[in-house]
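Worksheet for the structure shown next.
The values are calculated or read from the model by the stated rules, or taken from the named source; none is laboratory data. If you're wondering where the values come from, they're calculated on a predicted model, not measured in any experiment. Note that we place each Cβ from the backbone using ideal geometry, even for glycine, and neighbour counts take in every protein chain shown. Just the protein is used for accessible areas: all its heavy atoms, side chains included, with ligands, DNA and RNA removed. Shrake-Rupley method; radii C 1.70, N 1.55, O 1.52, S 1.80 Å.
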Amino acid sequence: KVAIKGIERELICPACKELFTHPLILPCQHNICHKCVKEILFAFEDSFADGGSESSNQSSPRIRISASSMDRIDRINRSGRKRNSLTPRSTLFPCPSCQRDIDLGERGINGLFRNFTLETIVERYRQAARAAIAIMCDFCKPPPQESTKSCMDCSASYCNECFKIHHPWGTVKAQHEYVGPTTNFRPKILMCPEHEMERVNMYCEICRRPVCHLCKLGGGHANHRVTTMSTAYKTLKEKLSKDIEYLISKESQVKAHITQLDLLLKETECNSERAKQEASQSFEKLYHVLEEKKSAALRAIETSKNIRLEKLQTQVEEYQGLLENNGLVGYAQEVLKETDPSCFVQTAKQLHVRIQKATESLRSFRPAAETTFEDFVVDTAKQEDILGDLSFHSNGLEIPEINEEQSRMYNKALISWECPGKTDSADIYVLEYHKLNKEEESTTWQKTEVCGKSKVLSDLDDDSSYAFRVRGYKGSICSPWSREVVMRTPPAPVFSFLFDDKCGYNNEHLQLNPRRTSVESRAGFPLLLGSERLQVGCYTTLDYIIGDTGIAKGKHFWAFNVEAYSYLVKVGVVPSNKIQKLFHNTHDVTSPRYEQDSGHDSGSEDAFFDSSQPCTLVTLGMKKFFIPATPAAPKDPASRILPLPSCLGICLDCDRGRVGFYDAGRMKCLYECEVDCSGLMYPAFALMGGAAVHLQEAVTAKYSEYRDGI
């Protein structure tokens with residue numbers, strides 16, 4: 001028999017650190033008190049309502065929610081979970097044992113099984129702990145007698161006399177199941193939490209939980225592999241028995257491991273003391289160096305002070321000598337009393353020179369020494385940065401690398417990183433960033449701690465460059481900083497819109513995805529029929545589509561991707577008063593007759609193009625970006641053709657009347673021109689042949705967590 005006192009550790013709730021009370025089994029197979037689940041979910045709701053405030057951590061004096069659990073609660077809150085939603089939603093629960101976010105399903109706590117076996121073991125432990133405390137009869141008249149039995153059907157305890165009275169021989173109650181005195185009454189039949197009137201009679205091998213026949217017929221376990229409860233009972237009991245027998249047979253090996261672990265405990269204590277001494281010695285060396293530097297600096301200041309005071313004191317004495325009847329002036333006054341010419345001349349010559357110098361000094365007065373000590377200011381900014389980074393560096397932690405392909409700047413900044421060895425050896429990462437400003441001499445890094453391998457930043461300025469770096473921490477040990485990566489924010493706030501599926505939308509040639517964020521031109525049979533009806537040398541027209549939201553003022557930026565296989569795409573802006581002309585423009589065809597650059601030098605093509613086009617567009621296609629032929633553009637056609645960026649952006653400045661086309665990956669302007677912004681401006685796109693355009697998705701915190709999950 002296993003001593004009941006040796007298993008206390010298995011009977012402690014990971015949340016409240018007390019003995020289990022009505023334990024529930026989570027989907028991750030860990031146990032937790034029913035009350036703890038409710039309190040953690042209440043803390044979850046409070047954190048959501050308070051915006052993740054620190055006060056939510058103190059929502060219950062009984063429960064101890066760790067800082068990492070609160071971080072996960074805050075992360076779940078930021079993922080966009082909506083309260084009071086009419087649609088069914090699942091409940092996420094941060095398990096305090098495995099530190100994972102567990103999906104409790106739509107039923108939440110009501111979908112969890114109560115662990116009656118564990119509850120019985122806890123009750124046995126409690127009884128062993130309070131063996132001296134008797135359980136009294138529930139039906140005796142005062143004073144109550146000590147109970148001798150507990151009825152599992154009545155959920156009550158009885159003494160011998162009361163049991164006979166309430167369970168008379170020959171009645172139905174006489175058939176009740178009774179056990180020794182206990183306060184733990186559990187139901188005889190385990191009922192399904194999803195179908196409360198049905199008892200569980202099967203075991204789902206996929207979900208590893210008991211289910212009823214309704215769960216198998218039409219519930220969430222319809223397509224799962226199930227077995228009978230008796231088979232599952234027999235199988236699991238055999239497995240558990242074999243595993244226990246194996247562990248018992250390895251008792252000598254377990255004891256050897258315990259002895260080895262005891263030695264490791266002592267060795268850890270010794271090594272930690274040695275590490276403390278070495279760390280103290282290292283800091284003592286730093287203190288010694290700083291004390292020496294401090295003494296040298298103070299000595300230099302003191303020496304400079306004494307020299308300056310001496311010079312100033314000498315100057316004071318010299319000027320005091322210029323006073324009447326004092327010093328040089330007094331001496332000169334006495335010399336003037338000399339009546340012998342030869343003696344006077346002998347003395348007055350040298351005295352006159354001194355008087356002239358004093359006069360000149362008086363006219364151009366300058367202190368003999370500076371009073372400020374600006375040259376003695378100690379600049380410790382770099383040293384403070386170095387000391388701020390002072391920590392235990394370890395070769396075991398890999399240096400993270402910022403992934404520039406997965407990182408991007410849009411409405412927010414998404415910074416992603418990874419370890420070269422693809423191992424997550426760090427417990428937490430620290431991401432630092434600062435704005436690149438030539439005017440500022442010193443840089444101040446902003447710091448944020450991240451649990452995953454990506455972070456969304458929303459406090460960055462538009463049209464600015466930022467440097468980013470990241471390092472990993474495992475306890476007090478940290479890795480070196482990663483290589484700094486410089487990224488630039490969009491030139492203006494991001495403008496959000498969808499493709500308009502009503503205004504001029506040609507559903508025969510264009511196909512929108514359900515979210516209206518992607519459009520594709522279908523070069524199928526209808527297009528061939530349209531081409532067959534046209535004259536030789538004249539091809540099909542462009543199919544236009546615009547955004548569903550217009551811009552009236554201000555400066556805005558939006559980005560999109562053009563598929564590499566696209567044959568011809570035009571992108572730009574169109575004013576509201578020219579939208580009808582855009583969709584009914586009979587000259588907008590790609591043929592030799594209407595080609596903008598037909599090879600003539602008369603310039604008539606450009607004039608015709610400018611006057612006939614209702615909107616400002618640039619041409620893309622065949623993995624190229626074509627700069628329009630304007631007087632300011634290069635005359636050589638080859639120099640007007642650029643490689644097509646992976647992501648393009650458009651910046652519209654209605655106040656200045658200009659539109660720019662950008663390489664959105666580097667935020668570099670490829671082409672800019674004037675545009676008439678007198679009306680409401682709409683994003684415009686045109687496609688022909690096989691082509692597709694995808695609007696850039698906004699960066700959200702939920703998107704970051706999705707990437708972390710992948």
(message) Quick check on the stretch 530-589: of everything there that is of a type in the set (Asp, Glu), in a loop (DSSP other than H, G, I, E, B) and more than 21 Å from LEU644 (Cα to Cα), which residue is modelled with the highest pLDDT?
(response) ASP548
(request) Can you confirm whether the stretch 476-490 contains a residue that is under 15 Å from the mean Cα position of the chain (by Cα) and modelled with pLDDT of 80 or more? (result) no
(request) Would you mind finding the one in THR448, THR443 that is farther than 30 Å from THR549 by Cα, out of contact with any Phe, Trp or Tyr (no Cβ under 9 Å at 6 or more places or on another chain) and open to solvent by 20 Å² or more (accessible area, probe 1.4 Å)? (result) THR443
(message) When you scan the stretch 623-636, do you find a residue that is surrounded by fewer than 16 Cβ atoms within 10 Å (Cβ to Cβ) and at pLDDT 90 or above, even just one?
(response) yes
(message) Just the residues that are outside any strand (DSSP E or B) and basic (Lys, Arg), please, taken from the stretch 401-419.
(response) LYS412
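Here's the yes/no breakdown for (1) at pLDDT 80 or above; (2) out of contact with any Gly (no Cβ under 8 Å at 6 or more places or on another chain):
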position: SER150; (1), (2): yes, no
position: GLU161; (1), (2): yes, yes
position: ILE165; (1), (2): yes, yes
position: PRO168; (1), (2): yes, yes
position: THR183; (1), (2): no, yes
position: ARG186; (1), (2): no, yes
(request) Just give me the residues in the stretch 399-438 being of a type in the set (Ser, Thr, Tyr) and more than 22 Å from THR700 (Cβ to Cβ), in sequence order. (result) THR423, SER425
(message) Scan the stretch 97-117 and tell me whether some residue there is open to solvent by less than 40 Å² (accessible area, probe 1.4 Å) and modelled with pLDDT under 75.
(response) no
(message) Show me the strands (runs of 3 or more DSSP E) found entirely inside the stretch 167-253 where at least 3 residues are open to solvent by 60 Å² or more (accessible area, probe 1.4 Å).
(response) none
(message) Just checking, does the stretch 495-505 include any residue being within 30 Å of ASN437 (Cβ to Cβ) and outside the structural domain of TYR433 (by the TED database)?
(response) yes
(request) Scan the stretch 21-40 for residues that are open to solvent by less than 30 Å² (accessible area, probe 1.4 Å) and either in a helix (DSSP H, G or I) or out of contact with any His (no Cβ under 9 Å at 6 or more places or on another chain) (or both) and report the count. (result) 6
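For SER602, are the conditions met, namely being modelled with pLDDT under 75, in a loop (DSSP other than H, G, I, E, B) and either surrounded by fewer than 14 Cβ atoms within 10 Å (Cβ to Cβ) or out of contact with any Asp or Glu (no Cβ under 8 Å at 6 or more places or on another chain) (or both)?
Working: modelled with pLDDT under 75: yes; in a loop (DSSP other than H, G, I, E, B): yes; either surrounded by fewer than 14 Cβ atoms within 10 Å (Cβ to Cβ) or out of contact with any Asp or Glu (no Cβ under 8 Å at 6 or more places or on another chain) (or both): yes.
Criteria met by SER602.
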(request) Just one of (1) open to solvent by 60 Å² or more (accessible area, probe 1.4 Å); (2) at pLDDT 85 or above trips up PHE495, so point out which. (result) (1)
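Could you list, in sequence order, the residues of the stretch 637-651 that are under 28 Å from the mean Cα position of the chain (by Cα) and either open to solvent by 40 Å² or more (accessible area, probe 1.4 Å) or of a type in the set (D, E, K, R) (or both)?
At the first step, the residues of the stretch 637-651 found to be under 28 Å from the mean Cα position of the chain (by Cα) are 645-651.
Scanning the stretch 637-651 gives a single hit, SER646.
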(request) Determine if the stretch 82-94 includes at least one residue that is open to solvent by 60 Å² or more (accessible area, probe 1.4 Å) and modelled with pLDDT of 80 or more. (result) no
(request) Quickly run through the stretch 329-339 and pick out the residues that are over 19 Å from GLU317 (Cα atoms) and open to solvent by 60 Å² or more (accessible area, probe 1.4 Å). (result) GLU334, LEU336, LYS337, GLU338, THR339
(request) Look through GLU267, GLU238 and report the one residue that is within 46 Å of the chain's Cα centre (by Cα) and over 30 Å from LEU362 (Cβ atoms). (result) GLU267
(message) Suppose we keep only residues that are out of contact with any Phe, Trp or Tyr (no Cβ under 8 Å at 6 or more places or on another chain) and acidic (Asp, Glu) within the stretch 658-693. Which one would you say is most open to solvent (accessible area, probe 1.4 Å)?
(response) GLU674
(request) With a cut-off of at least 1 residues that are among the acidic types (Asp, Glu) and in contact (Cβ under 8 Å) with a residue 40 or more places away in the chain, name the strands (runs of 3 or more DSSP E) lying wholly within the stretch 614-655. (result) 648-653
